[in-house]
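Participant: Pasting a structure here, questions to come.
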Amino acid sequence: MNAVARQPAPRSEPRRRLLLASDRRDQSADLARILAGVADVQTIATNQLPDTPAQELSGIVVDINLRSAESVQAVRRKLLGGGYQPIPRLFVLADELHHGSMQAWALGATDTIARPFDPRDLLSRIRAAFPDASETTETARAEAMSKGVAAAHGVLVKIFERLPAGKPLSYQDVLQAEAPILKAIKRTSLREWLATVGRHHNESYRLALFATGYAVAFAQHLGMREEDQRRLTRAALLFDVGKAFVDVALLDNLDGLQGERLQKFREHPRRGYDALASEGSFPRETLDVVLHHHELLDGSGYPDGLHGDQISDIVRITTIVDMFTSLVAQRKNHTPLMPLHAFSAMEAIGDKIDQRLLQAFRPVALGG
């Protein structure tokens, strides 16, 4: 009788490595069992968090009682140190009270989930937030970059081709692009994003894609929670939507615009706002960014001459990203500045922009 050849056992996918920090008496046994479905989990007490995380760690899950001053202090000392900044940090909260989320973000959370949670929802959040080993290979990184740039580029094609033809851009068009863009920069780097965009895209799209990269990298550098990263991604993709209605001859000579030609160009925030507002599904915050990204804190901006507290934080961030991109990007009739010179020029304009946010942007601007 012929022997039946044995098939080699299928190779299992490389698994995530998670650190579960808990101050619960049962060491979060229910949570550990769920996480074991997608990761190798090491559970430790919150007061035993190491000073620096292991290099192969995919992420940290923190399950603590935020009313315990001892636990909060133990986590704060460790997670706000520089070693933990690149690693995603999911906090499991005892309830959905807003102050709990705010406290978690202040302690270094990049995302939160509240008890009681659906195990399927938790696993979905883990898969999205924490890479497994297969996602860190060169092939996976290249694929993530390709998909992210393609998603952003797809939105811009709809902006510059659909809107001038009278076809509305939908909010859903933008939402579908968020996750691939965030993943591209999280899994690779801002430097790789800028290099990819610079090689493959025309000028109109290149400026918007550069700005998107800087905005997302800034959000991730600040350790913003996932939803806030998405909000800033939307803002970066859409803030210059009004340029779809501007004559190309004006866009090609931005540095030399004067008089009536300058006034014509300065209509683009209002035209972009009107186009998105008429569609009906874009949130107020997004419309605010589109309309006001050229406002300045001293009231000298346009179109409404807003000043100080009238300008929201997300608009302030977008303004900084827009200015910096315009200074460093290659475009017609403009000699790009080196990042350090561009940053110094923005410092020199003083209180026209938020200098506190600008200094927070420094590592992104000079490290990209």
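Participant: Just to be sure I understand the filter: pairs with C-beta atoms under 9 Å, separated by 6 or more residues or on different chains, first member in segment 32-54 and closer than 15 Å to F130 by Cα, second member acidic (D, E) and open to solvent by less than 50 Å² (accessible area, probe 1.4 Å). Which pairs pass?
Facilitator: V38/D132; A39/D132
Participant: Give segment 294-319 a look and list any residue that's assigned to a loop (DSSP other than H, G, I, E, B) and among the polar types (S, T, N, Q), or say none.
Facilitator: S300, S312 - these are the residues of segment 294-319 that are assigned to a loop (DSSP other than H, G, I, E, B) and among the polar types (S, T, N, Q).
Participant: Let me ask something else. Mind listing whichever residues of segment 252-293 are surrounded by fewer than 19 Cβ atoms within 10 Å (Cβ to Cβ) and either in contact with a Lys or Arg (Cβ under 8 Å, 6 or more places away or on another chain) or part of a loop (DSSP other than H, G, I, E, B) (or both)?
Facilitator: Across segment 252-293, the qualifying residues are D252, N253, L254, L257, Q258, R266, E267, G280, S281, P283, E285.
Participant: Scan segment 311-354 for residues that are surrounded by 13 or more Cβ atoms within 10 Å (Cβ to Cβ) and over 24 Å from the mean Cα position of the chain (by Cα) and jot them down.
Facilitator: Once the filter is applied, which keeps residues that are surrounded by 13 or more Cβ atoms within 10 Å (Cβ to Cβ) and over 24 Å from the mean Cα position of the chain (by Cα), segment 311-354 yields R331, H334, P336, L337, A345, I349, K352.
Participant: Residue by residue through segment 207-227, note down the ones that are assigned to a helix (DSSP H, G or I), of a type outside the set (A, V, I, L, M, F, W, C), open to solvent by 30 Å² or more (accessible area, probe 1.4 Å) and touching a helix residue (DSSP H, G or I) at 6+ places or on another chain (Cβ under 8 Å).
Facilitator: Narrowing segment 207-227 to residues assigned to a helix (DSSP H, G or I): 207-221, 226-227.
Then drop every residue that is not of a type outside the set (A, V, I, L, M, F, W, C), which leaves 212-214, 220-221, 226-227.
Pick out the ones that are also open to solvent by 30 Å² or more (accessible area, probe 1.4 Å) and you get 220-221, 226-227.
Q220, H221, E226 - these are the residues of segment 207-227 that are assigned to a helix (DSSP H, G or I), of a type outside the set (A, V, I, L, M, F, W, C), open to solvent by 30 Å² or more (accessible area, probe 1.4 Å) and touching a helix residue (DSSP H, G or I) at 6+ places or on another chain (Cβ under 8 Å).
Participant: If you don't mind, another one. Starting from residues that are in contact with a Leu (Cβ under 8 Å, 6 or more places away or on another chain) and among the basic types (K, R), keep the ones in segment 113-130 and report whichever is modelled with the lowest pLDDT.
Facilitator: Filtering first and then ranking leaves R125.
Participant: Between residues in segment 331-353 that are over 23 Å from A208 (Cα atoms) and residues that are hydrophobic (A, V, I, L, M, F, W, C) and surrounded by 16 or more Cβ atoms within 10 Å (Cβ to Cβ), which pairs lie under 6 Å by C-beta distance while being six or more apart or on different chains?
Facilitator: Going by the 6 Å Cβ cut-off, the qualifying pairs are D351/L297.
Participant: Would you confirm whether any residue within segment 48-66 is among the small types (G, A, S), at pLDDT below 75, under 19 Å from the mean Cα position of the chain (by Cα) and not in a loop (DSSP other than H, G, I, E, B)?
Facilitator: As a first pass, look at segment 48-66 and keep what is among the small types (G, A, S): 54, 58-59.
Filter once more, keeping what is at pLDDT below 75: none.
There is no residue in segment 48-66 that is among the small types (G, A, S), at pLDDT below 75, under 19 Å from the mean Cα position of the chain (by Cα) and not in a loop (DSSP other than H, G, I, E, B).
Participant: Please go through segment 180-204 and pick out each residue that is part of a helix (DSSP H, G or I), open to solvent by 10 Å² or more (accessible area, probe 1.4 Å) and farther than 20 Å from I317 by Cα.
Facilitator: P180, K183, R187, E192, A195, T196, G198, R199, H200, E203, S204, listed by residue number.
Participant: Need pairs with beta-carbon distance below 7 Å; first residue open to solvent by 30 Å² or more (accessible area, probe 1.4 Å) and within segment 101-120, second of a type in the set (A, V, I, L, M); sequence gap 6+ or separate chains.
Facilitator: Qualifying pairs under 7 Å: Q103/L66; R115/V92; R115/L93; R115/A94; P119/I34.
Participant: Would you please name the residue that is most open to solvent (accessible area, probe 1.4 Å), looking only at residues in segment 153-170 that are farther than 23 Å from F218 by Cβ and in a helix (DSSP H, G or I)?
Facilitator: E161
The values are calculated or read from the model by the stated rules, or taken from the named source; none is laboratory data. Quick caveat, the model's predicted, so the values are computed rather than measured. Here Cβ is always computed from backbone atoms with ideal geometry, including for glycine, and neighbour counts include all displayed protein chains. Quick note on the areas: whole protein, heavy atoms, side chains included, nothing else; ligands and nucleic acids left out. Shrake-Rupley method; radii C 1.70, N 1.55, O 1.52, S 1.80 Å.
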